[in-house]
Amino acid sequence: MLGECGMQERDRRGLRKYAVTLCKEMVVDELFIQSLQTDDILTDSMAESILAEPTSHKRSWRLLSLLPKRGPRAFSSFCSALRDTEQQHLCALLTESPERDGERQRYVDSPLPLPTQEGMVPAKRARTQESMEMCLDADSPITSSVLPCTPDFYLKHCQQSYSMVSSPRGLALVISNVSFDPCAAPDLDSRKGGEVDEEVLRKVFTELDYIVTVRRDLTAQGMRECIEQFGRRQQHQTVSSCVVCLLSHGVEGAIYGTDGQLLELDWVFEAFDNAHCPLLQNKPKMFFIQACRGEEMDCGVEQSDGPERTQSPGCEQRDAGREGEGDGDTRQTEERGRLRVKLPQRSDMICGFASLKGTAAMRNTKRGSWFIQEVNSALRFRARDTHLSDILVQVNGRIKDREGYAPGTPHHRCKEMSEFTSSLCKDLYLFPKYHPQY
């Protein structure tokens with residue numbers, strides 16, 4: 001079936017030659033298939049038939065059997081999907097074959113750099129410092145547009161969910177500590193790849209109609225002041241929600257400032273609770289914490305009856321440093337004529353953590369952290385019809401399937417598990433790109 005018409009002969013030969021390797025190593029998941037659907041390579045029925053296959057090997061083989069019949073653009077779209085889903089080593093395998101010397105010309109006008117690999121081993125090649133700027137752009141996570149919510153979906157779900165109709169939807173704060181003071185914090189390495197995370201978050205939340213503020217490299221006190229100022233902004237009164245993203249080295253319950261001092265996460269949550277941030281009472285407050293919560297690295301457990309393992313190519317690091325009760329006075333008599341509804345001290349919050357308590361969070365030095373990559377992808381493809389709690393469940397599933405690829409380092413075949421906590425009281429739909437007309 002791989003030899004049927006529609007695709008150029010040299011492309012068909014490449015798929016035939018490496019079919020076994022592709023079926024063994026390729027990860028064909030929903031995100032991969034959506035990329036091909038976006039390019040009109042696969043129809044909905046084709047996508048459903050592929051994803052219905054029970055094993056990774058069968059999904060890959062089903063896809064490879066369909067591609068040669070999907071026209072001359074199918075091969076380049078397939079390679080693009082491989083790059084977008086962090087499987088560049090397989091893209092290089094296909095495009096750098098000796099018999100495809102002429103193939104490079106196809107990519108000359110591409111915004112992506114030409115694949116550079118010394119041999120046919122399907123592993124990521126280290127890049128030079130001079131190429132880093134292009135590398136960060138080319139290797140950035142999924143940048144497909146956020147899929148819009150439909151009017152019908154909004155009308156069906158808006159009554160049972162948080163009100164999300166303001167434009168902008170809310171204010172978003174991203175604090176990203178990448179470089180640390182070598183004198184004050186000699187044990188905290190630079191968080192290579194952290195700059196990718198902050199840009200990814202800026203783009204996705206801007207597209208979700210948030211006004212995004214990004215602050216880089218703050219001390220612990222600088223983070224406190226920044227968060228306090230953000231929480232006092234009067235614009236919170238007229239918007240529907242709030243987002244806070246904290247990216248740094250960390251320990252359980254705290255993250256590091258660039259001066260090596262710790263900022264307690266409980267203080268952060270307190271700054272946005274119903275007592276300290278009344279402008280956001282009854283409004284959803286979203287937190288995303290990309291930081292280690294301990295020193296322990298999750299080396300994973302072999303699953304004897306599970307599917308083939310997946311890979312997450314290249315350059316993994318971890319985000320760890322090396323080293324009120326009431327007084328009972330209700331004043332019932334005085335307050336009787338003017339009682340108000342009381343709120344708990346803290347509510348309407350949801351927080352996604354990159355790792356479990358006591359464990360390290362993984363970060364790719366070129367593509368950013370695993371957790372932020374998956375949050376970005378899930379928001380872009382799922383926010384249109386999925387509430388945030390379920391989105392973070394899907395992120396957990398994606399993180400569970402990832403595996404570090406860094407041969408010769410302690411991070412090779414490492415694992416990570418994300419989690420979230422929630423005090424939301426309704427479904428939180430972001431209703432992207434939908435603005436009801438009243």
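The values are calculated or read from the model by the stated rules, or taken from the named source; none is laboratory data. All values derive from a computational prediction rather than experimental measurement. Positions of Cβ are generated from backbone atoms using ideal geometry, with glycine treated the same way; all protein chains shown enter the neighbour counts. These accessible areas exclude ligands, DNA and RNA; they are computed on the full protein's heavy atoms, side chains included. Shrake-Rupley method; radii C 1.70, N 1.55, O 1.52, S 1.80 Å.
With respect to being open to solvent by 10 Å² or more (accessible area, probe 1.4 Å) and closer than 18 Å to Val146 by Cα, Thr206 fits the description. Summed over region 3-41, residues that are in a loop (DSSP other than H, G, I, E, B) and under 12 Å from Phe75 (Cα atoms) total 5.
For region 251-283: of the residues being in contact with an Asp or Glu (Cβ under 6 Å, 6 or more places away or on another chain) and under 22 Å from Leu201 (Cβ atoms), which is surrounded by the most Cβ atoms within 10 Å (Cβ to Cβ)? The selected residue is Thr258. Against the numbered list (1) open to solvent by 20 Å² or more (accessible area, probe 1.4 Å); (2) under 30 Å from the mean Cα position of the chain (by Cα); (3) not small (Gly, Ala, Ser), Leu22 comes up short only at (1). Residues that are in contact with a Cys (Cβ under 8 Å, 6 or more places away or on another chain), open to solvent by less than 20 Å² (accessible area, probe 1.4 Å) and under 22 Å from Val20 (Cβ atoms) do not occur anywhere in region 36-56. So in region 217-239, with the set limited to residues that are over 29 Å from Leu188 (Cβ atoms) and either of a type in the set (A, V, I, L, M) or surrounded by fewer than 20 Cβ atoms within 10 Å (Cβ to Cβ) (or both), which one is nearest to the chain's Cα centre (by Cα)? It comes out as Val239. Of the residues making up region 179-203, those that are in a loop (DSSP other than H, G, I, E, B) and open to solvent by 10 Å² or more (accessible area, probe 1.4 Å) number 12. Of the residues making up region 413-428, just one is open to solvent by 40 Å² or more (accessible area, probe 1.4 Å), of a type in the set (Asp, Glu) and under 15 Å from Trp370 (Cα atoms), namely Glu419.
Taking the numbered list (1) outside any loop (DSSP other than H, G, I, E, B); (2) in contact with a His (Cβ under 8 Å, 6 or more places away or on another chain) in turn, Thr206 passes all entries but (2). Residues in region 74-95: is at least one over 30 Å from Gly368 (Cβ atoms) and either more than 26 Å from the chain's Cα centre (by Cα) or at pLDDT below 85 (or both)? So far as region 74-95 goes, no, none of its residues is over 30 Å from Gly368 (Cβ atoms) and either more than 26 Å from the chain's Cα centre (by Cα) or at pLDDT below 85 (or both).
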